[in-house]
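Novice: One structure, as structure tokens, below. Some questions next.
The values are calculated or read from the model by the stated rules, or taken from the named source; none is laboratory data. Everything numeric in this text was worked out from a predicted model, so none of it was measured. Cβ placement follows ideal geometry from the backbone for every residue including glycine, while neighbour counts extend to all protein chains displayed.
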């Protein structure tokens, strides 16, 4: 295995509606900043991989147009995944492991504000038996939350506590969207949005973009910041039929975490991609994270949830925290699909 | 497109709808399931380990092995495993009044299927409650032939008449609504069109002028911050004759679509070429935009009706070959 590190990361502020910039306009300054901080001249970056979905803007080949923000002349070595940027990072990491390139740029973008995201996400469901019922993302997450409440795995209060902690921690994150001090007792008097979920259990609708540059040893030391090494990276998935698995656990997260080597050392903090409050409880348990591990110091997806970006942002926020000196070993997690169907786990270490 | 002309820094927005149907073939397993629904029966399938999957699948998700060819009739009643109360249904939801989405384990099944439960109010819902199906009055050939479930206390419904032919494929409509915002560069371009101008933007690095602009120089990835008005006249650099009808095309067949390099631009621009015989269209031909009446101008490329030839000598291929 080659040692590969995150050498730079840039992200936009997460906002409810980015009205004035298209995807290319959002990405250009981020790419410029990430390239500069990587210390690697842009023309020397061996590979570019993006993660996004055209369904967010309803524009076919939006992902191709986004390459304008990189500058693709002379032609560049480029790829795309119709997934969160965390899986674009996985492809880029494999490409480096194969020895084809020594460095890569990963970018992702999502302007959820243009559509009805909960409903747009029904397009990812089984088209025969699920999608025609239009079970939106919030309703599916509510089925999962109720299953755990019924099984005694968590309470509505514990769910609210996750949301309150995430949004309080997000106060120190200048890019976060929903931040502040909220009172659990007061939140629990709010009406249900889709029972048993209340508004605070759900992520905001967010627009945002992120850019990351990774490099193998050698190239990694040109950066302005010390490399944050990717010590383990794996992703696994569960059945797409929500009725065919136990929604209160996440075996795919557990397997990915074991393969990534989560417990090969102490975990200082974890950035978990849990868009719904109860999902943080599931992922923590699946990864075997104890009470000593600070979870989602950035605020996580309950504070900022640009679709297709929020997973990559867990890795990026982890790197930023290590650069800031607040810990040296982190676990970052990204999810995709309904009810935590697919999960990626990455172990990161500072020098 | 909406918005006032004075607020130049606020991007435009417009409604945008994706609407299309997929016709999907079912294969033998799902064909059995969907044919059954039309007759008021629900079929699962046995895995090699003897579990019954509902809805049936061609493979066992736990092992990846093919399932057996043994179908099992399950239900029609079953037990709610978990549920979500939708107090404010969306227009696309299966029921228009408050209802529950639920995972329902039908009698005889080992997995739960997703569907809607019409229980009147949330207080009537409970995990573990028994429910029974209601069938659609008319078959749509979809999962919605099973309209929804109701509490079993409301009694079972008569099954619809069995269909003569099996269901072999289904239509799954996709309808997605957006409020599209094109960003700063495209908003400026569209505002220009409203005033009868074609505004490109020049690359900060190379000075190349892009029309329509998207805010970036695609060669270098740098902003295009300088606005440049380009001419309504230009040169044909590529063309095609369209002879196949398409739903969205409003002009008579056959017609010519051309890539036109407007004078002052470095990127070609697609337009209809009209007011000339199709035999005469050629690369290098000089053309001009024909605008609609100024009273009809909107934030739209449709302000330009089409392009037509002008009485100027053709440009030699050498001068335009980079764009052809």
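Novice: Would you confirm, using the coordinates I've provided, whether residue A:21 is surrounded by fewer than 21 Cβ atoms within 10 Å (Cβ to Cβ), facing chain B (nearest Cβ under 8 Å), part of a loop (DSSP other than H, G, I, E, B) and at pLDDT below 95? Steps first, please.
Specialist: On the way: surrounded by fewer than 21 Cβ atoms within 10 Å (Cβ to Cβ): no; facing chain B (nearest Cβ under 8 Å): yes; part of a loop (DSSP other than H, G, I, E, B): yes; at pLDDT below 95: yes.
It is false that residue A:21 is surrounded by fewer than 21 Cβ atoms within 10 Å (Cβ to Cβ), facing chain B (nearest Cβ under 8 Å), part of a loop (DSSP other than H, G, I, E, B) and at pLDDT below 95.
Novice: In addition: Given (1) in contact with a strand residue (DSSP E or B) (Cβ under 9 Å, 6 or more places away or on another chain); (2) assigned to a loop (DSSP other than H, G, I, E, B); (3) within 11 Å of chain B (Cβ to nearest Cβ), identify the lone condition not met by residue A:55.
Specialist: Only one criterion in (1) in contact with a strand residue (DSSP E or B) (Cβ under 9 Å, 6 or more places away or on another chain); (2) assigned to a loop (DSSP other than H, G, I, E, B); (3) within 11 Å of chain B (Cβ to nearest Cβ) is unmet by residue A:55, namely (2).
Novice: Further question on the same structure: Going through the stretch B:241-269 one residue at a time, which ones are out of contact with any strand residue (DSSP E or B) (no Cβ under 6 Å at 6 or more places or on another chain) and touching a residue at least 12 places away in the same chain (Cβ under 8 Å)? Don't jump to the end; show me each part of the working.
Specialist: The first filter runs over the stretch B:241-269 and keeps only residues out of contact with any strand residue (DSSP E or B) (no Cβ under 6 Å at 6 or more places or on another chain), leaving B:243-253.
Result: B:251, single match.
Novice: Of the residues that sit in the stretch A:58-86 and are more than 9 Å from chain B (Cβ to nearest Cβ) and part of a helix (DSSP H, G or I), which one is farthest from residue A:48 (Cα to Cα)?
Specialist: A:62
Novice: Quick one: count up the residues across the stretch B:50-101 that are touching a helix residue (DSSP H, G or I) at 6+ places or on another chain (Cβ under 8 Å), more than 7 Å from every other protein chain (Cβ to nearest Cβ), under 19 Å from residue B:144 (Cβ atoms) and not in a loop (DSSP other than H, G, I, E, B).
Specialist: Residues flagged as touching a helix residue (DSSP H, G or I) at 6+ places or on another chain (Cβ under 8 Å), more than 7 Å from every other protein chain (Cβ to nearest Cβ), under 19 Å from residue B:144 (Cβ atoms) and not in a loop (DSSP other than H, G, I, E, B) within the stretch B:50-101 amount to 1.
Novice: Quick one: residue B:20 ticks every box in (1) buried (at least 18 other Cβ atoms within 10 Å of the Cβ); (2) not assigned by TED's automatic domain parsing to the domain that holds residue B:124 except a single one, so which number is it?
Specialist: (1)
Novice: Can you pull out the residues in the stretch A:66-90 that are more than 16 Å from residue A:210 (Cα to Cα) and buried (at least 18 other Cβ atoms within 10 Å of the Cβ)?
Specialist: Scanning the stretch A:66-90 gives a single hit, A:71.
Novice: Any idea which of A:294, A:315, A:344, A:287 is more than 20 Å from residue A:209 (Cα to Cα) and in contact with a strand residue (DSSP E or B) (Cβ under 6 Å, 6 or more places away or on another chain)? Break it down into steps so the answer makes sense when it comes.
Specialist: Values: A:315 fails: more than 20 Å from residue A:209 (Cα to Cα); A:344 fails: more than 20 Å from residue A:209 (Cα to Cα); A:287 fails: in contact with a strand residue (DSSP E or B) (Cβ under 6 Å, 6 or more places away or on another chain).
After ruling out the rest, the residue left standing is A:294.
Novice: Since residue B:105 meets every condition but one in (1) more than 14 Å from every other protein chain (Cβ to nearest Cβ); (2) out of contact with any helix residue (DSSP H, G or I) (no Cβ under 7 Å at 6 or more places or on another chain), which condition does it not meet?
Specialist: For residue B:105, the failing item is (1).
Novice: Same structure, new question: Looking at the stretch A:87-108, is at least one residue within 12 Å of another protein chain (Cβ to nearest Cβ), in a helix (DSSP H, G or I) and touching a residue at least 24 places away in the same chain (Cβ under 8 Å)?
Specialist: Residues of the stretch A:87-108 within 12 Å of another protein chain (Cβ to nearest Cβ): A:105, A:107.
From what's left, in a helix (DSSP H, G or I): none.
Taking every residue of the stretch A:87-108 in turn, none turns out to be within 12 Å of another protein chain (Cβ to nearest Cβ), in a helix (DSSP H, G or I) and touching a residue at least 24 places away in the same chain (Cβ under 8 Å).
Novice: What's the number of the condition residue A:128 fails, among (1) at the interface with chain B (Cβ under 8 Å from one of its Cβ atoms); (2) closer than 26 Å to residue A:86 by Cα; (3) not in a helix (DSSP H, G or I)?
Specialist: Failed condition: (2).
Novice: Which numbered condition in (1) away from every other protein chain (no Cβ under 13 Å); (2) closer than 20 Å to residue A:196 by Cβ; (3) touching a helix residue (DSSP H, G or I) at 6+ places or on another chain (Cβ under 7 Å) is the only one that residue B:120 fails?
Specialist: Evaluating residue B:120 over (1) away from every other protein chain (no Cβ under 13 Å); (2) closer than 20 Å to residue A:196 by Cβ; (3) touching a helix residue (DSSP H, G or I) at 6+ places or on another chain (Cβ under 7 Å) leaves (3) as the failure.
Novice: Pick out, from the stretch B:155-231, the strands (runs of 3 or more DSSP E) lying fully within it that include 3 or more residues that are in contact with a strand residue (DSSP E or B) (Cβ under 6 Å, 6 or more places away or on another chain) and modelled with pLDDT under 95. Break it down stepwise before answering.
Specialist: Working: elements: B:169-180, B:198-202, B:226-230.
Hits in the stretch B:155-231: B:169-180.
Novice: All but one of (1) within 14 Å of chain B (Cβ to nearest Cβ); (2) outside any helix (DSSP H, G or I); (3) surrounded by 20 or more Cβ atoms within 10 Å (Cβ to Cβ) hold for residue A:122; state the number of the condition that does not hold.
Specialist: Among (1) within 14 Å of chain B (Cβ to nearest Cβ); (2) outside any helix (DSSP H, G or I); (3) surrounded by 20 or more Cβ atoms within 10 Å (Cβ to Cβ), the lone unmet condition for residue A:122 is (2).
Novice: If we keep just the residues of the stretch B:33-49 that are more than 17 Å from residue B:167 (Cβ to Cβ) and more than 13 Å from every other protein chain (Cβ to nearest Cβ), which is surrounded by the most Cβ atoms within 10 Å (Cβ to Cβ)?
Specialist: B:46
Novice: Is it the case that some residue within the stretch B:295-306 is more than 18 Å from residue B:201 (Cβ to Cβ), touching a strand residue (DSSP E or B) at 6+ places or on another chain (Cβ under 7 Å) and outside any strand (DSSP E or B)?
Specialist: Going residue by residue through the stretch B:295-306, those that are more than 18 Å from residue B:201 (Cβ to Cβ) are B:295-298, B:300, B:302-306.
From what's left, touching a strand residue (DSSP E or B) at 6+ places or on another chain (Cβ under 7 Å): B:303-306.
Still in the list and also outside any strand (DSSP E or B): B:303.
Checking the stretch B:295-306: at least one residue is more than 18 Å from residue B:201 (Cβ to Cβ), touching a strand residue (DSSP E or B) at 6+ places or on another chain (Cβ under 7 Å) and outside any strand (DSSP E or B).
Novice: Among the residues of the stretch B:50-76, write down those that are surrounded by 16 or more Cβ atoms within 10 Å (Cβ to Cβ) and either touching a residue at least 40 places away in the same chain (Cβ under 8 Å) or at positive phi (or both).
Specialist: Listed by number, the residues that qualify are B:51, B:52, B:53, B:54, B:55, B:75, B:76.
Novice: Can you spot a residue in the stretch B:186-196 that is within 10 Å of another protein chain (Cβ to nearest Cβ) and in contact with a helix residue (DSSP H, G or I) (Cβ under 7 Å, 6 or more places away or on another chain)? Break it down into steps so the answer makes sense when it comes.
Specialist: Initial filter on the stretch B:186-196 (within 10 Å of another protein chain (Cβ to nearest Cβ)): B:186-187.
From what is left, the residues that are in contact with a helix residue (DSSP H, G or I) (Cβ under 7 Å, 6 or more places away or on another chain) are none.
Checked against the condition, which is being within 10 Å of another protein chain (Cβ to nearest Cβ) and in contact with a helix residue (DSSP H, G or I) (Cβ under 7 Å, 6 or more places away or on another chain), the stretch B:186-196 yields no hits at all.
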